[in-house]
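As structure tokens, the structure follows; a few thoughts come after it.
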Amino acid sequence: MGLHELEIRNFRLFDHFVFQPDPEAVTVFVSANGTGKTSILEAVYALATASSFRTNSASDMIRNSEGLAEVHGVLFQRERRIGIDLTLTRGVRTTKRMLVNGQKPRSRADLSEALPITIFTPEGVDVVRQGPEHRRTFLTTLLTDVDLTTGDVIERFARVLSQRNALLRALHGERASTSQRAELDVWSNDLAVQGEHLVSVRRHVLEALSPLVEVNYRRLAANDARVALTYQQSWSGSLREALTESEEEDRVRGHTCVGPHRDDIVITLEGRNTRHQASQGEQRSLALALRLGGDQLVRERRGVDPLLLLDDVFSELDPARSDRLLELLPTGQTLVTTASPLPSRLTPAAVVDLTQRRP
């Protein structure tokens with residue numbers, strides 16, 4: 001299993017670039033900052049998720065002055081060949097077209113089934129130190145990677161939430177008519193059912209993830225600190241009751257104010273909330289431990305090896321911590337970018353010097 005070929009056209013700085021990574025070992029991209037090495041990992045990530053780890057705007061991935069960007073990947077799952085194609089078209093609103101073996105994927109679960117991925121970036125520390133949306137995004141991605149069937153749970157909740165919010169916006173702060181009242185009750189009931197289900201799935205995965213994160217943190221930090229992940233709901237009691245209580249505020253604000261889309265994960269270290277009460281080194285080690293724990297959980301539950309992407313991670317770590325991270329990284333296909341010398345213990349199968357290539 002692994003990515004055998006990547007081809008990109010008009011993607012970021014590149015007009016055209018093709019490479020064949022070792023499907024079972026480490027490939028390193030070396031060049032100065034600003035020469036496109038991170039863009040290669042971004043293209044691989046886009047194949048796996050239909051999104052970017054660098055931007056929320058798809059148009060940013062299209063080469064300047066171009067109207068269309070393409071990413072093509074070939075991978076194998078045992079003897080099965082899989083082709084994934086992503087086309088980005090610039091317009092008033094940039095559109096994305098994704099095909100897996102010529103078919104449009106039904107959900108993100110189809111992409112996760114084809115190309116599970118684990119990524120480490122310097123910005124990955126935001127999952128610890130920034131707002132709740134970063135931790136929700138991390139957990140949402142992990143849910144699908146661990147169990148493909150949870151993709152349906154996530155998407156059903158998202159659809160119902162979108163419908164309820166659309167109705168709330170249509171009210172413009174005014175009281176609902178009889179027909180609108182009935183429609184709002186339908187969406188509220190459905191949202192409560194789907195939301196409670198989603199929270200149950202989240203808690204189940206978080207319970208399995210927490211001890212893995214603690215073990216990996218202790219190994220990275222070389223200490224016996226206590227680490228805990230706690231799910232924090234944005235409401236108390238039943239979700240249906242909470243929606244009824246918040247209905248007035250929802251109507252005024254034009255969106256749903258309580259539910260799983262407002263929940264958080266509290267990460268504590270020795271009882272301290274690490275978002276506000278941890279050093280940068282502690283936060284960085286926790287972010288790495290979260291990714292390592294998630295990767296381990298995917299391997300245990302699905303029996304597959306996610307592709308590892310390491311974007312200039314070692315520049316942010318001291319030598320001792322870099323060595324400990326290398327000890328914890330699972331074997332398998334890994335793509336690494338760096339602008340500085342690699343740790344001596346990292347032995348790549350191939351090194352691609354992008355300074356020798358013209359983007």
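What follows is calculated from the coordinates using simple rules that are stated; it is not laboratory data. Quantities reported herein were computed from a predicted structural model and do not represent experimental measurements. A quick note on method: Cβ atoms are made from the backbone with ideal geometry, for glycine too, and the neighbour counts reach across all protein chains shown.
List of remarks:
- When each of Ser188, Ser246, Ser285, Ser234 is tested for being touching a helix residue (DSSP H, G or I) at 6+ places or on another chain (Cβ under 7 Å), under 26 Å from Arg156 (Cα atoms), crowded, with 17+ Cβ neighbours inside 10 Å and hydroxyl-bearing (Ser, Thr, Tyr), the lone residue that passes is Ser188.
- If you go through the range 3-41 and pick out every residue that is of a type outside the set (D, E, K, R) and either surrounded by fewer than 17 Cβ atoms within 10 Å (Cβ to Cβ) or assigned to a loop (DSSP other than H, G, I, E, B) (or both), you end up with 15.
- Criterion (out of contact with any Lys or Arg (no Cβ under 9 Å at 6 or more places or on another chain), buried (at least 17 other Cβ atoms within 10 Å of the Cβ) and of a type in the set (A, V, I, L, M)) met by exactly one of Leu86, Leu161: Leu161
- Filter result for the condition that a residue is in contact with a Phe, Trp or Tyr (Cβ under 7 Å, 6 or more places away or on another chain) and either surrounded by 18 or more Cβ atoms within 10 Å (Cβ to Cβ) or hydrophobic (A, V, I, L, M, F, W, C) (or both), over Thr144, Thr150, Thr140, Thr121: Thr121
- Count of residues meeting criterion [more than 22 Å from the chain's Cα centre (by Cα), of a type in the set (Val, Ile, Thr) and more than 14 Å from Ala25 (Cβ to Cβ)] in the range 317-359: 1
- Only residues that are in contact with an Asp or Glu (Cβ under 6 Å, 6 or more places away or on another chain) and either in a helix (DSSP H, G or I) or more than 16 Å from Arg272 (Cα to Cα) (or both) were counted in the range 219-242, giving 3.
- Residues (surrounded by fewer than 19 Cβ atoms within 10 Å (Cβ to Cβ) and of a type in the set (S, T, N, Q)) located in the range 215-231: Asn223, Thr230
- Test result for Gly131, without any contact (Cβ under 8 Å) to a residue 60 or more places away in the chain, more than 19 Å from the chain's Cα centre (by Cα) and surrounded by fewer than 20 Cβ atoms within 10 Å (Cβ to Cβ): no
- Tally of residues being surrounded by fewer than 15 Cβ atoms within 10 Å (Cβ to Cβ) and closer than 17 Å to Pro306 by Cβ across the range 42-79: 3
- Residue satisfying condition, being among the basic types (Lys, Arg), in contact with a helix residue (DSSP H, G or I) (Cβ under 9 Å, 6 or more places away or on another chain), farther than 30 Å from Ala114 by Cα and assigned to a helix (DSSP H, G or I), within set Arg164, Arg156: Arg164
- Identity of the residue in the range 319-342, of a type in the set (Val, Ile, Thr) and in contact with a strand residue (DSSP E or B) (Cβ under 9 Å, 6 or more places away or on another chain), that ends up surrounded by the fewest Cβ atoms within 10 Å (Cβ to Cβ): Thr338
- Residue match in the range 114-127 (condition: within 20 Å of Arg12 (Cβ to Cβ), touching a residue at least 40 places away in the same chain (Cβ under 8 Å), among the charged types (D, E, K, R) and part of a loop (DSSP other than H, G, I, E, B)): no
- Residue within the range 165-179 that is within 18 Å of Ala289 (Cβ to Cβ), hydrophobic (A, V, I, L, M, F, W, C) and touching a Lys or Arg at 6+ places or on another chain (Cβ under 6 Å) present: no
- Matching residues in the range 169-184 - criterion: being in a helix (DSSP H, G or I) and of a type outside the set (Val, Ile, Thr): Arg169, Ala170, Leu171, Ser179, Gln180, Arg181, Ala182, Glu183, Leu184
- Residue match in the range 185-200 (condition: of a type in the set (A, V, I, L, M, F, W, C), part of a loop (DSSP other than H, G, I, E, B), touching a residue at least 12 places away in the same chain (Cβ under 8 Å) and over 29 Å from His172 (Cβ atoms)): no
- Of all residues in the range 256-270, those that are free of Cβ contacts under 8 Å to residues at least 24 places away in the same chain have Cβ atoms under 6 Å from Cβ atoms of residues that are assigned to a loop (DSSP other than H, G, I, E, B), 6 or more apart or on another chain, in Cys257/Ser246.
- Out of Leu191, Leu161, sole residue that is hydrophobic (A, V, I, L, M, F, W, C) and over 21 Å from the mean Cα position of the chain (by Cα): Leu191
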